[in-house]
Every structure is written in C-alpha cells, then in structure tokens.
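Trainee: The structure's right below; bear with me while I get my questions together.
The values are calculated or read from the model by the stated rules, or taken from the named source; none is laboratory data. Quantities reported herein were computed from a predicted structural model and do not represent experimental measurements. Quick reminder, even Gly has a Cβ in these numbers, built from the backbone with ideal geometry, and neighbours come from all protein chains shown. When the accessible area is computed, the model is the full protein with side chains, heavy atoms only, and any ligands, DNA or RNA have been set aside. Shrake-Rupley method; radii C 1.70, N 1.55, O 1.52, S 1.80 Å.
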Amino acid sequence: MPKIAEIEGTPNPNALKFVLKEPLTWGIKRSYDNPEEAKDDALAAALFDIGHVTNVFYIDHWLTVTQDGGADWQELTRKIAEPLRSAPAANAQTATTVAAATTAIADLSPEDQQRLDMINALLDEHIRPYLQGDGGDLYVIGLEGNRLAVHYQGACGSCPSSISGTLQGIENLVKSIEPDIEVFAV
C-alpha cells in the first residue's frame, strides 16, 4: 500500500506526478494511453475509471496521471489517491522479469543493436533523468537506417514542449554520435 510522499506539478499542465514512499514496481515501466490498454492492470484500470484520465504512467516510486484538461486538479487528486493508496507495493521481482520487460527491439542486425545501445546510453545519461524528474520518460520504439522512432510516456506524452523543443534537443544530442540521424516521435 504505497503512501504518497508528495505531489509535483510537471511542465505539462494536464499532468501531475505522485512521488511514493514505497515502490509500485522494481524497474518495470507501465504506460497506458486508454482504458483498453490498462484492462489487465488493476491500478491503471481504477485510475481510468475515475474519468478525465487520459494517461497513466508509473515506475518504481512514482506515478504520473495525465488528464484531459476538463477536471479540477484538487478534486481529481483526491480521487486518484484512493486507488493509489490501496495498490499493492512492488514485490521482489526476478532479474528474468525485469529483463523480459526491457528487451531490445527485435530483429536488429548486430551493428544496429550496437548503435541502439549507444543511443540508449546517451539518452539514459542526458535525457531520461530530466524527463523522469518531470513525470515522464522516453522509449525508443524503432531504428531503421537513420530514422530513430521514440515514444514519450507519462507527462511528456501530451506536453506541448515534448514535440518541439525537447525532440529537437534529443535529435541534436543523438547527432553527436550519429550525425545523419533523424529523430521523430510516434
């Protein structure tokens, strides 16, 4: 039963980040854009049942909820707290479970897998900590030739700056190791 340590605003005015005293997962990201995707996740499904919720994203000690802009945050926060407090805390998970959730993109050549590993290391060091600090994250979903497809999660998923400034910053950073790359969000 995770207790809420604090609630933080994010750069996205339609998203709040809930920092928890106990973890919900151990290194496994959960991101849902609609109730259908969340049907097998009791916590996420309960949050979508509240109404106005458009995205649920969580990992370890924090959860970000994004709303459609039509709800009062004070009222919505009280409603979110209920299922969050009754959710089970993370159980010890095996390395196999964590590895299965973080497997690399399938069917890449060894050379492309090496490129992707370098890109992810760069993102892990320079981008993801800041996105996670704001209640979101970034997931690489494809690498084809010189095109890198990324997907924003949590508060970043509907934040206006993620598609403009942040995406350009990510592309500029990745170009430091891949000068001809094009980064796009899906």
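Trainee: By the scheme Lys and Arg +1, Asp and Glu -1, what is the net charge of all other residues having a beta-carbon under 11 Å from that of Val183?
Mentor: Numbers: positive: Arg147, Lys175; negative: Glu171, Glu178, Glu182.
Within the 11 Å Cβ shell, the charges total -1.
Trainee: Got the relative contact order for the chain handy, in percent, Cα pairs under 8 Å and 6 or more residues apart? Show your work: numbers first, answer last.
Mentor: Values: 311 pairs, mean separation 41.2, N = 186.
Relative contact order for the chain comes out at 22 percent.
Trainee: Choose one of Val140, Val65, Tyr32: the residue whose Cα lies farthest towards the positive end of the charge dipole of the chain (beta-carbon charges +1 Lys, Arg; -1 Asp, Glu; about the Cα centre).
Mentor: Going by the charge dipole, the pick is Val65.
Trainee: Tally Lys and Arg at +1 and Asp and Glu at -1 over the other residues with C-beta under 13 Å from the C-beta of Ile80: what net charge comes out? Please report the intermediate quantities before stating the final value.
Mentor: Working: positive: Lys17, Arg78, Lys79, Arg85; negative: Asp49, Asp72, Glu75, Glu82.
After counting each charged neighbour, the total is 0.
Trainee: Run the reach check for Lys3 against lysines, Cα to Cα strictly under 26 Å, same-chain hits fewer than 8 apart removed. What comes back?
Mentor: Within the straight-line cut-off, Lys3 pairs with Lys17, Lys21, Lys29, Lys39, Lys79.
Trainee: Now for a different question. Pop a pseudo-label 7 angstrom from the Cα along the beta-carbon direction at both Asp40 and Arg147 and give the gap in nm to one decimal.
Mentor: Calculated label separation equals 2.9 nm.
Trainee: Now a separate question. Only sites in a loop by DSSP and with at most 14 other Cβ atoms within 10 Å count here; which GluC sites (Glu not before Pro) in the stretch 1-97 make the cut? Could the numbers behind the result be given before it?
Mentor: Details: sites: Glu6, Glu8, Glu36, Glu37, Glu75; in loops: Glu36, Glu37.
Listed in order of number, the matching sites are Glu36.
Trainee: What FRET efficiency comes out for Asp180 versus Tyr139 if R0 is 25 angstrom and r is the Cβ-Cβ distance? Round to the nearest 0.05.
Mentor: Values: r = 22 Å, r/R0 = 0.90.
Computed FRET efficiency for Asp180 and Tyr139 comes out at 0.65.
Trainee: With runs of 4+ DSSP H residues as the only contributors, calculate the mean residue ellipticity of the chain at 222 nm using -39,500 (n - 2.57) per run, divided by the residue total and rounded to the nearest 500. It would help to have the intermediate numbers written out before the result.
Mentor: Numbers: 6 runs with 60 residues, N = 186.
So the calculated ellipticity at 222 nm is -9500 deg cm²/dmol.
Trainee: Any idea of Trp26's accessible area? Nearest 10 Å², probe 1.4 Å.
Mentor: 120
Trainee: May I pose another question? If you line up the long axis of helix 110-126 against the longest principal axis of the chain, both from Cα atoms, how many degrees apart are they, to the nearest 10?
Mentor: 50
Trainee: Round to the nearest 10 and give me the degree value, 0 to 90, for the angle of helix 73-86's Cα axis relative to the longest principal axis of the chain.
Mentor: Compared with the principal axis, the helix lies near 90 degrees.
Trainee: Follow-up question, since we're still on this one. Using a probe of 1.4 angstrom, how much of the accessible area of the chain is carbon and sulfur, in percent?
Mentor: Of the solvent-accessible surface of the chain, carbon and sulfur hold 52 percent.
Trainee: Taking the Cα centre of the chain as origin and charging only Cβ (+1 Lys, Arg; -1 Asp, Glu), how large is the dipole, in debye to the nearest 20? Don't jump to the answer; show the numbers that get you there.
Mentor: Working: 13 positive and 27 negative charges, 118 e Å.
Using Cβ point charges on Lys, Arg, Asp and Glu, the chain gives about 560 debye.
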